[in-house]
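Novice: Here it is, the structure, as structure tokens.
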Amino acid sequence: MMQEDSAKCVHCGHSTPDVRILGCAHGCCFHARCLDLKSIRELTPPSSDICVVSKCPRCASPSTGMEILPLSFEEIDQARRLVGASGSSSKRSFGVVNSGGAQTGGGDVYDPAVPRAG
């Protein structure tokens, strides 16, 4: 089943949710980070090794489980097309030099050679 463009997370209201509650009368969907898995686990008998989603964590309507929605790569594909159309073929480094003179990795890239602060 394809993810509808109109689906929004019922917790934060933003688009592209990750999880849908199956059988929920309201069609509740969540981002993985917005779904409180601890509360779902508390609804399951403690002796069970399997976590069963028998009711929606938001509206408490009966449910039959959870469904992980497929990822949409539309925005990533569009960004790649725009970069390709601009003719830019150079690979730029977005590193930032911190006060100690060490270069930190750019964006979401983790460089184990760079000391971490915090």
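Novice: Using amide H atoms built 1.01 Å from N in the peptide plane, name the residues 5+ places from Lys8, or on other chains, whose amide H lies under 5 Å from its own.
Specialist: For Lys8, whose amide H was placed from the backbone, there are no distant partners under 5 Å.
Novice: Residue by residue through the stretch 14-23, which ³J(HN,Hα) values in whole Hz follow from phi under the Karplus form 6.51 cos²θ - 1.76 cosθ + 1.60 (θ = phi - 60°), with glycine and proline marked x?
Specialist: My calculation for the stretch 14-23 gives 7, 7, 6, x, 9, 10, 10, 7, 6, x Hz in order.
Novice: Under 5 Å between amide hydrogens, which residues at least 5 positions from Cys28 or on another chain qualify, with H placed 1.01 Å from N in the peptide plane?
Specialist: Ile21
Novice: Once amide H atoms are built 1.01 Å from N in the peptide plane, which residues 5 or more positions from Lys55, or in another chain, come under 5 Å H to H?
Specialist: Ser63
No lab work stands behind these numbers, since they all come straight from the coordinates. What you see is a predicted model; the values in this text were computed from it and never measured.
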